[in-house]
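K.L.:
Below you'll find the structure I mean.
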Amino acid sequence: MDYPHDQAPGAPIRSGIPEHGRIPKYYAVKAHVSVLVEELGEGGMLPPERDLALRYGVSRETVRQALRELLLEGRLARQGRGTVVAGPKLEQPLSLASYTEGVRRQGRTPGRRLIGLERFPCPEALAAEIGVERGEPVWHLERVLLADDDRVGLESTYVSVARVPDLAEKFDPDSSFYAYLHDRLGISFGDADERIETVLATPREALLIGTPPALPMLLIHRVSRDADGQPLERVRTLFRGDRFSFTAHLSGPG
């Protein structure tokens, strides 16, 4: 197989075209539109479907299939009745840095919209993860994640009421929970375990985030401990798959 030496490092080999050279019509259209996307640049308006169908000699349904994939990949976005070139994905580091810090590093304005803050008796399945006994009161903080006022995710945080008793009165739900723990309560994070998977949003989650239910999501489960190794929080965060990517720095065995 000939390797295209001018290929971008992260691109699929041979642009995803199999060695036998036979590809579905929609994929050929997708490749053409991808070139057009690069030419137009962020915010550029794509021609109407009928014009693209005429340009590439295919049906409008074939064009729609190609555009659907580019929309799911986050390279295009709907704007009114048209389709525009989307901006780059947000890069969120896989670290104990907060969402706020990750978004600010990319020149975007982070925010959160409170959905609910409630306390309830801790169920057994959650108790060990946050270091409480079954039935002890815990907080559930649910917020929509924002970047420049765009809804990009949904976050649920579970923490013991005993650790943060004044959460309802003294915490600004639009701010960083990590900053609140550190600056107001003197609690520092030590380490955490994370698990990442791809899922589809539930109808409720899709409504809160403002996405179609069929849009793939990146789901992160995190269990954090403080600097003394004591369980602290359990977080379930859903990120839009078309607007986020994740980065991590890896080092060799020491």
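K.L.:
Just checking, which of ALA206, ALA201, ALA179, ALA147 is surrounded by 13 or more Cβ atoms within 10 Å (Cβ to Cβ), of a type in the set (A, V, I, L, M), closer than 23 Å to ALA227 by Cα and at pLDDT below 90? Outline the logic, then answer.
P.N.:
Working: ALA206 fails: closer than 23 Å to ALA227 by Cα; ALA201 fails: closer than 23 Å to ALA227 by Cα; ALA147 fails: closer than 23 Å to ALA227 by Cα.
Of the residues listed, the single one that is surrounded by 13 or more Cβ atoms within 10 Å (Cβ to Cβ), of a type in the set (A, V, I, L, M), closer than 23 Å to ALA227 by Cα and at pLDDT below 90 is ALA179.
K.L.:
Of all residues being assigned to a loop (DSSP other than H, G, I, E, B) and in contact with an Asp or Glu (Cβ under 8 Å, 6 or more places away or on another chain) in the range 153-173, which is nearest to ILE209 (Cα to Cα)? Just the residue, please.
P.N.:
Here is the first cut: in the range 153-173, the ones assigned to a loop (DSSP other than H, G, I, E, B) are 161-166, 171-173.
From the residues that got through so far, the ones that are in contact with an Asp or Glu (Cβ under 8 Å, 6 or more places away or on another chain) too are 161-162.
Details: VAL161: 27, ALA162: 31 Å.
Ranking the candidates gives VAL161 first.
K.L.:
On to the next question. Does at least one position in the range 241-254 carry a residue that is assigned to a strand (DSSP E or B) and surrounded by 15 or more Cβ atoms within 10 Å (Cβ to Cβ)? Give the derivation first.
P.N.:
Step one: of the range 241-254, the residues assigned to a strand (DSSP E or B) are 244-247.
Those left that are additionally surrounded by 15 or more Cβ atoms within 10 Å (Cβ to Cβ): 244, 246.
Yes, there is a match, as at least one residue in the range 241-254 is assigned to a strand (DSSP E or B) and surrounded by 15 or more Cβ atoms within 10 Å (Cβ to Cβ).
K.L.:
In the range 144-178, how many residues are closer than 25 Å to ALA206 by Cβ and either without any contact (Cβ under 8 Å) to a residue 24 or more places away in the chain or of a type outside the set (Lys, Arg) (or both)? It would help to see each step written out before you state the result.
P.N.:
Looking only at the range 144-178, we keep the residues that are closer than 25 Å to ALA206 by Cβ, and these are 144-158, 173-174, 177.
Next, only the ones that are either without any contact (Cβ under 8 Å) to a residue 24 or more places away in the chain or of a type outside the set (Lys, Arg) (or both) stay: 144-150, 152-158, 173-174, 177.
Total satisfying the criteria: 17.
K.L.:
Which one is nearest to LEU232 (Cα to Cα), of the residues in the range 109-147 that are in contact with a helix residue (DSSP H, G or I) (Cβ under 9 Å, 6 or more places away or on another chain) and in a loop (DSSP other than H, G, I, E, B)?
P.N.:
Among those that are in contact with a helix residue (DSSP H, G or I) (Cβ under 9 Å, 6 or more places away or on another chain) and in a loop (DSSP other than H, G, I, E, B), it is VAL132.
K.L.:
Give the residue that is surrounded by the most Cβ atoms within 10 Å (Cβ to Cβ), with candidates limited to residues of the range 211-227 that are at pLDDT 90 or above and either part of a loop (DSSP other than H, G, I, E, B) or in contact with a helix residue (DSSP H, G or I) (Cβ under 7 Å, 6 or more places away or on another chain) (or both).
P.N.:
VAL223
K.L.:
Only one of GLY102, GLY43 is at pLDDT below 75 and either among the charged types (D, E, K, R) or within 24 Å of the chain's Cα centre (by Cα) (or both). Can you tell me which? Full working, then the answer.
P.N.:
On the way: GLY43 fails: at pLDDT below 75.
GLY102 is the lone residue from the list that is at pLDDT below 75 and either among the charged types (D, E, K, R) or within 24 Å of the chain's Cα centre (by Cα) (or both).
K.L.:
Would you confirm whether any residue within the range 174-181 is in contact with a Gly (Cβ under 8 Å, 6 or more places away or on another chain), in a strand (DSSP E or B) and of a type outside the set (Ser, Thr, Tyr)?
P.N.:
no
K.L.:
Between a residue in the range 128-143 that is of a type in the set (A, V, I, L, M, F, W, C) and any residue that is in a loop (DSSP other than H, G, I, E, B) and surrounded by 14 or more Cβ atoms within 10 Å (Cβ to Cβ), which pairs come within a Cβ distance under 8 Å, given they are 6 or more apart or on different chains?
P.N.:
ILE130/CYS122; VAL132/CYS122; VAL138/CYS122; VAL138/VAL132; VAL138/VAL161; TRP139/VAL161; TRP139/VAL164; LEU141/PRO173
K.L.:
Here is a follow-up. What number of residues within the range 228-240 satisfy the criterion of being part of a loop (DSSP other than H, G, I, E, B) and closer than 21 Å to VAL144 by Cβ?
P.N.:
To start, the set of residues in the range 228-240 that are part of a loop (DSSP other than H, G, I, E, B) comprises 228-230.
Okay, now just the ones that are also closer than 21 Å to VAL144 by Cβ, so none.
Selection size over the range 228-240: 0.
K.L.:
Inspect all residues belonging to the range 151-158 and state whether any of them is surrounded by fewer than 19 Cβ atoms within 10 Å (Cβ to Cβ), touching a helix residue (DSSP H, G or I) at 6+ places or on another chain (Cβ under 6 Å) and under 22 Å from GLN106 (Cβ atoms).
P.N.:
Residues of the range 151-158 that are surrounded by fewer than 19 Cβ atoms within 10 Å (Cβ to Cβ), as a first pass: 151, 156.
If we keep only those that are touching a helix residue (DSSP H, G or I) at 6+ places or on another chain (Cβ under 6 Å) too, we end up with 151.
Now drop any that are not under 22 Å from GLN106 (Cβ atoms), which leaves 151.
Looking for residues that are surrounded by fewer than 19 Cβ atoms within 10 Å (Cβ to Cβ), touching a helix residue (DSSP H, G or I) at 6+ places or on another chain (Cβ under 6 Å) and under 22 Å from GLN106 (Cβ atoms), one finds at least one in the range 151-158, hence yes.
K.L.:
Given the criteria on the phi > 0 side of the Ramachandran plot, of a type in the set (Asp, Glu) and exposed (fewer than 13 other Cβ atoms within 10 Å of the Cβ), does ASP172 qualify?
P.N.:
Values: on the phi > 0 side of the Ramachandran plot: no; of a type in the set (Asp, Glu): yes; exposed (fewer than 13 other Cβ atoms within 10 Å of the Cβ): yes.
No: the conditions fail for ASP172.
The values are calculated or read from the model by the stated rules, or taken from the named source; none is laboratory data. From a predicted model like this one, the values you see are computed outputs, not experimental measurements. Note that we place each Cβ from the backbone using ideal geometry, even for glycine, and neighbour counts take in every protein chain shown.
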